[in-house]
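Heads up: the structure comes next, in structure tokens.
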Amino acid sequence: MHEIDLPAQTAAVRSVLAKHGIRPALALLNDRTPYRYTAIYKLTGETMEAVHVFDRGSEYRSWLKAVPLDKSFCDFVIREGEFATHHASRDQGLVSPYDGLVESYYGRVLRREDGTLYGSFIHFDVEPRSIAEEEAAFLQDVIPLFLDYLD
């Protein structure tokens, strides 16, 4: 079994952010998962606004732009720090107004060092998907790197 060099992978994300910016770094993280979308949403009032979205299918989706916090999976992320659903339509505890639009979701809160809430980093898809535990642990380390590049 091969050892994964997480410090080197973290350095790669840091390098892509510094040299090429947020979108290529989102693409890099998206490529590590089966999810179609990888995004950063900013909490503005009671709305989650998409500030950066990478779509593996390269399509424009207007429903990605803004979502009321109380009707989004980001609400769980902000309250719990992390949230995942692999098959939302079969998840008995979830009621989503976005049935058919978001079937799988993995998100982590984006919070500045001083504790100020920025929003959420998410992977999501219209199809059922899941994230490996190792990848979720890796994201815990690299997601904070994005905060230096966000307003």
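At a glance:
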item: Segment 46-151, accessible surface, carbon-and-sulfur percent (1.4 angstrom probe); result: 46
item: The chain: relative contact order in percent, alpha carbon pairs under 8 Å with at least 6 residues between; result: 24
item: Heavy atoms of residue 143: accessible area, 1.4 Å probe, square angstrom to 10; result: 0
item: Pairs of alpha carbons in segment 74-151 whose separation is greater than 20 Å (percent); result: 33
item: Heavy-atom accessible area order for 114, 91, largest first, 1.4 Å probe; result: 114, 91
item: Residues of type aspartates and glutamates that residue 65 reaches as a straight line, Cα spacing below 18 Å, ignoring anything fewer than 8 places off in the same chain; result: 46, 49, 55, 75, 99, 103, 125, 151
item: Sparsely packed chymotrypsin sites (Phe, Trp or Tyr not before Pro) within segment 26-67, loop by DSSP, other Cβ within 10 Å at most 16; result: 60
item: Dipole in debye (nearest 20) - the chain, about Cα centre, beta carbon charges: Lys, Arg +1; Asp, Glu -1; result: 400
item: Length gained when the stretch residue 6-residue 127 is fully extended (0.36 nm per residue, less Cα-Cα span); result: 40.7 nm
item: MRE, 222 nm, helices only [DSSP H, n ≥ 4, -39500 (n - 2.57), over the chain, to nearest 500]; result: -8000 deg cm²/dmol
item: Average accessible area per residue (Å²) across the chain - probe 1.4 Å, nucleic acids and ligands excluded; result: 56
item: In range of the label at residue 20: residues from segment 48-88 whose backbone nitrogen is under 18 Å from the point 7 Å along Cα→Cβ; result: 52-59
item: For the chain, the Rg and Dmax computed from alpha carbons only, in angstrom; result: 14.8, 47
item: Size of electric dipole in segment 104-151: Cβ of Lys, Arg +1 and of Asp, Glu -1, about Cα centre, debye, nearest 20; result: 160
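The values are calculated or read from the model by the stated rules, or taken from the named source; none is laboratory data. The model shown is predicted, which means the values in this text are computed figures rather than measured ones. Neighbour counts run over all protein chains shown; Cβ positions are idealised from the backbone, glycine included. Remember, those area values only see protein heavy atoms, side chains included, never the ligands or the DNA or RNA. Shrake-Rupley method; radii C 1.70, N 1.55, O 1.52, S 1.80 Å.
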